[in-house]
């Protein structure tokens with residue numbers, strides 16, 4: 001546990017001391033929150049479009065922010081792998097599990113902090129916009145986003161292990177764009193229906209966003225748990241896959 | 001007990017044999033230099049001895065423990081300062097040292113004592129709170145060695161420790177390494193003749209993955225019939241080249 005704590009602390013410090021993490025992990029999602037709220041103000045009520053109303057938007061933006069945690073996880077790992085720092089640690093008694101936990105833990109903490117800040121800002125925006133939001137719902141939404149957090153950190157671990165620091169961010173950008181689009185953050189996937197909704201339903205992103213939105217609204221009807229279970233299932237699969245890939249890669253590096 | 005022992009240690013890549021049937025023994029407390037040009041197999045040898053690379057064949061032992069069968073036990077008693085500076089960029093000097101103490105499970109008291117000991121030994125007091133990325137190459141290299149030393153290794157591997165350093169920084173680092181002589185076993189890889197001449201108890205000249213000659217400076221001079229390590233090295237390399245060609 002000492003090894004994990006020490007390594008996790010190092011990773012956490014490395015991230016919070018990198019100005020880019022504030023720009024991408026906090027700045028960008030929060031700017032989108034404000035911009036989309038302004039967009040919502042410009043949409044006439046008769047259009048009946050509520051996707052960008054702050055009570056709907058908050059869960060989506062919280063999800064969107066987590067995709068940047070994936071980007072940072074992958075960058076941290078890819079950067080470590082390209083330098084001699086990890087080589088030095090490979091020569092210590094640290095085992096692959098210590099490395100994996102040491103990467104996942106601080107990123108998980110970062111993801112939770114990011115979600116809390118997003119919902120706090122959303123609450124402030126809701127007060128300004130005159131839209132009612134339940135603080136308890138937002139707190140539950142942070143918990144509902146836990147599977148998504150695991151999913152994104154696991155994707156980060158996977159891409160950071162497999163690709164170098166040039167390729168990993170590119171791949172993450174695809175997931176960021178696809179994830180937020182097919183997650184229904186920027187459009188009403190259910191209203192659109194058809195093949196697009198079918199694709200959304202197959203992937204975990206839509207379910208992650210839906211679970212967060214429903215939790216925000218304290219709507220715990222049957223679908224909520226289905227959305228949560230599907231996201232958790234994906235998260236578990238990607239987590240296991242990333243662990244296996246990391247262990248194999250570490251073993252190959254020591255060949 | 002020997003600090004290092006290798007038996008027919010070999011590392012083969014797809015098209016190249018980096019280290020070939022290396023037989024080597026290093027005594028405890030010795031400062032042993034692996035001297036050779038780039039690509040001679042020095043770093044590969046160190047990587048195998050520090051469990052960072054599996055040998056293709058042969059055996060290697062550190063303080064009697066097998067690098068192949070007991071890598072975890074070996075990792076408990078060694079540390080390495082790799083060729084490239086291996087420090088956490090956004091951490092301060094103090095935090096980098098604390099990280100290694102954490103990895104080795106030191107108590108709070110021992111961590112504080114060891115950090116102060118390293119800061120004093122390497123004269124790092126004025127940079128203790130500076131982030132590593134702001135340090136000069138010389139300070140970074142010192143920190144890298146301090147991070148290796150803080151784990152109290154029985155065997156310390158210094159892979160090209162003065163690579164890329166200016167003459168003053170190099171001399172500064174030599175004085176630190178000299179202070180460690182006799183206290184722990186040090187395996188130093190270098191292609192600087194002057195460095196090996198200045199620091200090492202014994203020198204192994206590595207050429208094309210094999211040891212071409214091994215001994216103290218005077219033994220190497222006697223073997224080559226030349227004065228000074230550089231002249232001896234050239235003579236031995238030429239003789240080895242002719243032997244390999246013939």
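Laboratory data are not the source of any read-out in this text; all were calculated from the coordinates shown. As the structure is a prediction and not an experimental result, all values here were calculated from the model. Methodologically, a virtual Cβ is constructed for each residue, glycine included, from the backbone with ideal geometry; neighbour enumeration extends over all protein chains shown.
Evaluated over the Cα positions of region B:1-49, the convex hull gives a direction-averaged projected area, one quarter of its surface, of 3.6 nm². Placing pseudo-labels 7 Å out from each Cα toward the beta carbon at residue A:50 and residue A:251 gives an inter-label distance of 5.2 nm. What distance in nm separates the simple spin-label points at residue B:28 and residue A:190, each placed 7 Å from Cα in the Cβ direction? Here the modelled spin labels are 7.3 nm apart.
Every helix of 4 or more DSSP H residues in chain A counts as -39500 (n - 2.57), and over all residues that averages to -26000 deg cm²/dmol at 222 nm. Of all the options B:172, B:159, B:79, the one that moves most in a Gaussian network model of chain B with Cα springs shorter than 10 angstrom is B:172.
State the percent of C-alpha pairs, over all pairs in chain B, separated by a distance greater than 31 angstrom. Of all Cα-Cα distances in chain B, 24 percent exceed 31 Å. Tilt of helix A:146-162 relative to the longest C-alpha principal axis of chain A, in degrees (0 to 90, nearest 10)? Compared with the principal axis, the helix lies near 40 degrees.
In this simple spin-label model, placing a label point 7 Å from the Cα along the Cα-to-Cβ direction at both residue A:127 and residue B:201 gives a separation of 7.1 nm.
Helical content of chain B, expressed as a calculated mean residue ellipticity at 222 nm, amounts to -12000 deg cm²/dmol (DSSP H runs of 4 or more residues, -39,500 (n - 2.57) each, divided by residue number, nearest 500).
In whole angstrom, region B:153-246 maps to an equivalent ellipsoid with semi-axes of 25, 14, 13, each derived as √(5λ) from the alpha carbon gyration tensor and ordered largest first. Report for the protein assembly as shown the percent antiparallel among DSSP-assigned beta bridges with both residues inside it, nearest 5. If we restrict to bridges inside the protein assembly as shown, about 50 percent are antiparallel. Per-peptide packing, taken as the mean over residues of other Cβ atoms within 10 Å, places A:201-208, A:16-23 in the sequence A:201-208, A:16-23 from highest down. Cβ crowding within 10 Å ranks B:89, A:198, B:23 as A:198, B:23, B:89, fewest other Cβ atoms first. Kindly state, to the nearest 0.05, the FRET efficiency for residue B:84 paired with residue B:219, given R0 = 22 Å and r defined as their beta-carbon distance. Taking R0 as 22 Å, the efficiency between residue B:84 and residue B:219 is 0.10. On the beta carbon distance between residue B:13 and residue B:133, with R0 = 22 Å, the FRET formula returns roughly 0.10. Diffusion of the protein assembly as shown by Stokes-Einstein, at 20 °C in a medium of 1.002 mPa s and with Rh set to the Kirkwood radius over alpha-carbon pairs, works out to 84 µm²/s.
Taking other C-beta atoms within 10 Å as the exposure proxy, A:88, B:131, B:171 rank B:171, B:131, A:88 from fewest upward.
Between residue B:163 and residue A:173, the C-beta separation translates, for a Förster distance of 45 Å, into a calculated FRET efficiency of about 0.80. Note on A:93-100: average number of Cβ atoms from other chains within 10 Å of each residue's Cβ is 2.
Exposure proxy ranking for A:127, B:149, B:168, based on other Cβ atoms within 10 angstrom of each Cβ and starting from the fewest, stands as B:168, A:127, B:149.
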